[in-house]
Structure formats: C-alpha cells, structure tokens
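Peer 1: Let me begin by handing over the structure; questions about it come next.
Coordinate-derived values only; no laboratory data. Remember, predicted model here, so these are calculated numbers, not experimental data. Note that we place each Cβ from the backbone using ideal geometry, even for glycine, and neighbour counts take in every protein chain shown.
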Amino acid sequence: MAQLGELERTVMERVWAWARPVSVRDVLEELAAERTIAYTTVMTIMERLARKGLLRRQLDGKAYIYSAVLTREQHTAALMVEALANADDRSAALVHFVNDMKPAEADAIRRALASAARKQRRR
Amino acid sequence: MISVVVLGAFAVLFATAVPALLRRLPLDRAPRVGTVLWQVTLAAATASALLAALALAVLLPELSRDLAESFRLCLLALQHAYRSPGGLAGAALGLALFVAMSIRLLWSLAHSLHEARRQRVRHRALLALVARPHVGATVVVDSPVAIAYCVPGRPGHVVVTEGALARLTPDELDAVVAHERAHLRGRHALVLAGIDALCAAAPRISGFRDARQEVGRLLEMLADDAARREHGGLPVAHALLRLGTARAPAGALPANGGDTMARVLRLTGQRDAAPRWLSAVGYLAALSMLVAPVLIALGPVAAADRTYCPVEGASVSAESTI
C-alpha cells in the first residue's frame, strides 16, 4: 500500500463519513464547500484510491459509485495488530516505549516509585 | 599458521566468552559504553572469522602477490611467513570459507534491512490513512489499546494511541515522546536491525542473540536518559508504570523479566552512573578488541619484513619468527 497524500486522505474521510456508496459528484460538492477543487481532480483521486484497493468501484447506471473496502475502525485495528506483532525481538521495524509487565514487577515498581517520592520529600 | 589459529581463537572468544562476560557486567551504569562494547564484540567476532579465512587464503599466488606489492615485500618471504600445513589446498579452502561467510553476511544484512523497511513502509501507509497529527511529529491513533512507539523513516514518527493519551498526564506524555524521539535520532532501530542480521547469519551462536537482547535493553536506557534530561526522571518512570500495566493481566506485548524495574531504578536515581574513568576504560577495551584481530592478521607481514629475502629459485635460509 503506497503512501497517501493529504487530498487522498480527505477523500477517504468523506467516503467513510457517508457510510453509503458515493459518486465523484457527492464528494466534490462537499470538498468544494471548503476549497477550490476541480471535478477531474476528485475523479482522479478516487480512481487512484480504487487502484490502491482502498475504494471499491461499481457501475450504478451510467456513473461510477465508490465505497470503502474497509471501515476506518478496521484499518485502525489492522494497524494495532501490526504494532503489537512488531514488539517481539524478531523485528526492529518499530521500537516500543515499554513492554507489558507482570503484576509482581508492577508492584515492585510502585514500591520503588513510592520510596523515591519519600526520599524526595525528606530533602 | 599461528595467525590463523589465533584469529580462529579470537572468533570463538568474541562469540562466546566475551558475551558471557559482558552479560555479567553492570552495563546499566554506562549504557552508551555498553552498547559500544556489545557492537564492537560482534564486529570483532565477525572480523576475526573473516581474517582467519583470509590468512589461510593469502598463500594463493594472486593474493600473496597483491599483498607483497602493497607492502613492498619479498614475495617468497611473505609466503614463508604465512605458510601453513595445508599449503595451496588450505589456501583454496580459506578463500572458499571467506567468500561463503561474506556472502552469507551480506545477504543476511540485505534481507534484514529490506524486511524491516518493508514492514515500516506498510505500517506508515496505514498510519497515513488513520492517524491524525498531534503536536510536533507525533501522530495519534484512535484506538483504546494504550501503547506508544516510534516508526523510523524520513521523517520518523512517534505514535501514541488515544488509550495512551487517556492514561498519561501531560508531563508523562512529553517524557514518552522525548524518549521515542531519542530512538529516532539515535537510529536505534537500524542498530538492532544490524544485530538481527548477524543473528540470522549465524543462528547457532547464542552470544549474538544475547547481544540483541542486551543492546535492546541498553538502548531503552539511553532513550530514558535523553527523556530524563529534558523532563526529569519521574515523569518517565510514572509513564512506564502506567503504560506497562495498561494491558494487564494478559498483555499483548511480551514481558521482559525485570527490564522495566532496572529502568525505573535508574530514572529515580537509585542506581548510580559509572564514573568517567570507568567509561574510558570501556572505550579503550572496545578499541583493543577492534585492533587486535587486524594486528594478528598483519603480524606475518611484519615478520616477513625482517626475513632475509632469498634469490629467485633458492629456498629461504633464515627461519622467520612465526
């Protein structure tokens, strides 16, 4: 999956928000309210998103309508699965802040923090 | 011959005994020196193995001729200095070993870096889709799973989830972001990918796996130190506790026994840093580990220099010291 530009991202947000298949004109009308943008631009973007597998394109009468292949939540869930899968030492693609700790270690850390706080107060 | 044996012994030492020693040292007290020592050990092990093979291979006519010309030495004296029982057959074996090891190493490195890059690119594509910008180069993902991590790249990103934002105070969040940015600045993921490559090239050497684990630990401490300098140790320590317990009891991220405790002790000032002179000793030891194999490999060159160079066709009369 290649990188997304800002406009592509905006179009995806609109498609998700509609929650039903939309035409290029539907999306254009919404975007045009906020910025100057041409029909052909929106059309190109949506075609590109369909080629990237993010949008599904169907023929509705004479025009194309587009729907999202996966919901926003499904993409987010996939992202989280990848983030967690990368935490094992086999791959250094991501670096996490902290791994999970066992309850015993958590308790020991709470005690260490409390003891440090007490020393701080005594000064 | 002796240089081959010594280099082979070095390779074994750097792959087994030195890692075992390093694991026992309190490198937590000087994490930067610690990571250097570990990486140098790996480099020295690899270099020793390669140089041992080369020291055998050098008897091959083309190689010894090139070496003699580079150092302006008598060819026969040089070959005499590097002589070994195996002769030309041994030299051919040495060359084969050198080429095989080099190819395996280079392939492993390319594969490891490529794999890490592939995963990062895929992850960044998903981030571009669902993450929204936060302050600085931080992005937020709308998920209740409370995690924070960084994704290297151009530019690198620090990722926090809504779940993490909900659990951290503003100070703690700043500290976490500072920690992750230290990882990005220091290119820590690249270092780890390099060690992964070595582990893949030589999977049966447990010393390399130990290196991967220990360097991972020490790099976390380096990032902690950077965050501590900017925000103080306590916010980092509290953030560790909050995010580390967010997914209890059956966490999704594998638990490393006792690592987080060591980090908290350092952050709360309950573990002293090593004195400067001790760090200097560490760096000196690292330098020696790098230099020693090279000196041994080139030892016969020095010996050949002092040998009387025979006339063409005559045998060497003076016994070299090797």
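Peer 1: Using the Karplus equation 6.51 cos²θ - 1.76 cosθ + 1.60 (θ = phi - 60°), what ³J(HN,Hα) coupling, rounded to whole Hz, does each residue of the stretch B:55-70 give in order, writing x for Gly and Pro?
Peer 2: 5, 6, 5, 5, 5, 4, x, 4, 5, 5, 5, 4, 5, 4, 5, 4
Peer 1: Amide H of A:Tyr64: which non-local residues (sequence gap of 5 or more, or other chain) have their own amide H closer than 5 Å, using H built in the peptide plane?
Peer 2: Residues meeting the amide H criterion: none.
Peer 1: If you filter the stretch B:46-125 for chymotrypsin sites (Phe, Trp or Tyr not before Pro), then keep DSSP loop positions with at most 14 other Cβ within 10 Å, what is left? Present the calculation step by step, with values, prior to reporting the outcome.
Peer 2: Values: sites: B:Phe71, B:Tyr82, B:Phe98, B:Trp107; in loops: B:Phe71, B:Tyr82.
Qualifying residues, ordered by number: B:Phe71.
Peer 1: As I understand it, the dipole of the stretch B:158-201 uses +1 on the Cβ of Lys and Arg and -1 on the Cβ of Asp and Glu, about the Cα centre. Which of B:Ala164, B:Gly186, B:Ala197 lies farthest toward its positive end?
Peer 2: B:Ala197
Peer 1: Could you tell me how many degrees, from 0 to 90 and to the nearest 10, lie between the Cα long axis of helix B:170-185 and the main elongation axis, the longest principal axis, of the Cα atoms of chain B?
Peer 2: 20
Peer 1: Here is a follow-up. Looking only at other chains, what is the average number of their beta-carbon atoms within 10 angstrom of each beta-carbon in B:258-266?
Peer 2: Numbers: counts 5, 4, 9, 7, 0, 2, 7, 4, 0.
Taking all residues of B:258-266 together, the mean is 4.
Peer 1: Also, I was wondering about something else. What size of dipole, in debye to the nearest 20, comes out for chain B about its Cα centre when the only charges are +1 on Lys and Arg C-beta atoms and -1 on Asp and Glu C-beta atoms?
Peer 2: Working: 32 positive and 23 negative charges, 128 e Å.
Dipole of chain B, to the nearest 20 debye: 620 debye.
Peer 1: For A:Lys52, which aspartates and glutamates qualify as cross-link partners when the Cα separation must be under 12 Å and same-chain residues fewer than eight apart are set aside?
Peer 2: Within the straight-line cut-off, A:Lys52 pairs with A:Glu8.
Peer 1: List every residue whose amide H lies under 5 Å from the amide H of A:Val95, counting only residues 5 or more places away in sequence or on a different chain, with H placed 1.01 Å from N in the peptide plane.
Peer 2: B:Cys150
Peer 1: Relative contact order (percent) for the stretch B:8-78, with alpha-carbon contacts under 8 angstrom and 6 or more residues of separation? All intermediate terms of the calculation are to be shown ahead of the outcome.
Peer 2: Values: 36 pairs, mean separation 24.5, N = 71.
Contact order relative to length: 35 percent.
Peer 1: Among the Cys residues of the protein assembly as shown, which have no other cysteine Cβ under 4.7 angstrom away?
Peer 2: Result for the protein assembly as shown is B:Cys150, B:Cys199, no neighbouring Cys Cβ within the cutoff.
Peer 1: Okay, moving on. For chain B, which span is the longest to avoid every loop-located (per DSSP) member of GluC sites (Glu not before Pro) having at most 12 other Cβ atoms inside 10 Å?
Peer 2: Numbers: sites that count: B:Glu312, B:Glu319.
The segment B:1-311 is the longest one with no such site.
Peer 1: Mind checking the mean number of beta-carbon atoms from other chains within 10 Å of the Cβ atoms in A:101-111?
Peer 2: Values: counts 16, 9, 3, 3, 11, 7, 1, 5, 12, 3, 0.
Whole-number average of other-chain Cβ neighbours for A:101-111 is 6.
Peer 1: Turning to a different aspect of this structure: Over chain B, what relative contact order in percent results from Cα pairs under 8 Å that are six or more residues apart? Before the final figure, lay out the partial values.
Peer 2: Working: 413 pairs, mean separation 85.9, N = 322.
Reported as a whole number, the value is 27 percent.
Peer 1: Continuing with the same structure: Grab the DSSP H runs of chain B that are 4 residues or longer, score each as -39,500 (n - 2.57), total them, divide by all residues and round the 222 nm result to the nearest 500 deg cm²/dmol.
Peer 2: On the way: 13 runs with 224 residues, N = 322.
Counting only the DSSP helices, I get -23500 deg cm²/dmol.
Peer 1: Next up: So who's got an amide H within less than 5 Å of the one on A:Leu55, skipping anything under 5 residues away but keeping other chains? H placed 1.01 Å off N, in plane.
Peer 2: Amide H to amide H, under 5 Å and 5 or more residues apart or across chains, A:Leu55 pairs with A:Ala50, A:Val69.
Peer 1: Let me have the relative contact order for the stretch B:32-131, percent, based on Cα pairs under 8 Å that are six or more residues apart.
Peer 2: Taking the mean separation of contacting Cα pairs over the length of the stretch B:32-131, I get 30 percent.
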